[in-house]
1. Against the longest principal axis of the chain, how steep is helix 39-67, in degrees 0 to 90 to the nearest 10, with axes from Cα atoms?
2. Obtain the nm distance between the two label points defined at residue 66 and residue 2 by a simple spin-label model: each point lies 7 Å from its Cα along the Cα-to-C-beta direction.
3. Test of understanding: what is the full-extension gain from residue 58 to residue 45, defined as 0.36 nm times their sequence separation minus their Cα-Cα distance?
4. Can you compute 3J(HN,Hα) from phi for each residue in the stretch 21-30, using the Karplus curve 6.51 cos²θ - 1.76 cosθ + 1.60 with θ = phi - 60°, rounded to whole Hz and x for Gly and Pro?
5. Which entry in (1) 17.6, 58; (2) 12.1, 40; (3) 16.2, 49 is this structure's computed Rg and Dmax of the Cα atoms in Å?
6. Can you compute the charge dipole magnitude of the chain about its Cα centre, using +1 on each Lys and Arg Cβ and -1 on each Asp and Glu Cβ, nothing else charged? Give it in debye, rounded to the nearest 20.
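Here, each number is a calculation from the coordinates, and none is a lab measurement. Treat the numbers as computed from the prediction; the structure is a model and nothing was measured. Here Cβ is always computed from backbone atoms with ideal geometry, including for glycine, and neighbour counts include all displayed protein chains.
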Amino acid sequence: MFGFNEEQITDFGMSFGIGAGILYMLFIIGQLAWESKAGKFGTFVMFLGLAFGFVGFLAKYLIQYFMGIK
């Protein structure tokens, strides 16, 4: 498709696509916290839940980098 093979499309989606999804989720959670007047602690808890997923996503790439896996 457009000169790209399946592996290149998958790599793009797994890096930039998921990264863009995480940024969009940050916006959504911030908007939910603002509209619900969650307060400082409630907002912190909401973002903490998203941060755990984000750290796991980044850890995967760091582990692959240090192990020499593409």
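1. 20 degrees
2. 3.5 nm
3. Between residue 58 and residue 45, full extension yields an extra 2.7 nm.
4. Running phi through 6.51 cos²θ - 1.76 cosθ + 1.60 with θ = phi - 60° gives x, 5, 4, 5, 5, 4, 4, 4, 5, x Hz.
5. (3)
6. Roughly 340 debye, rounded to the nearest 20.
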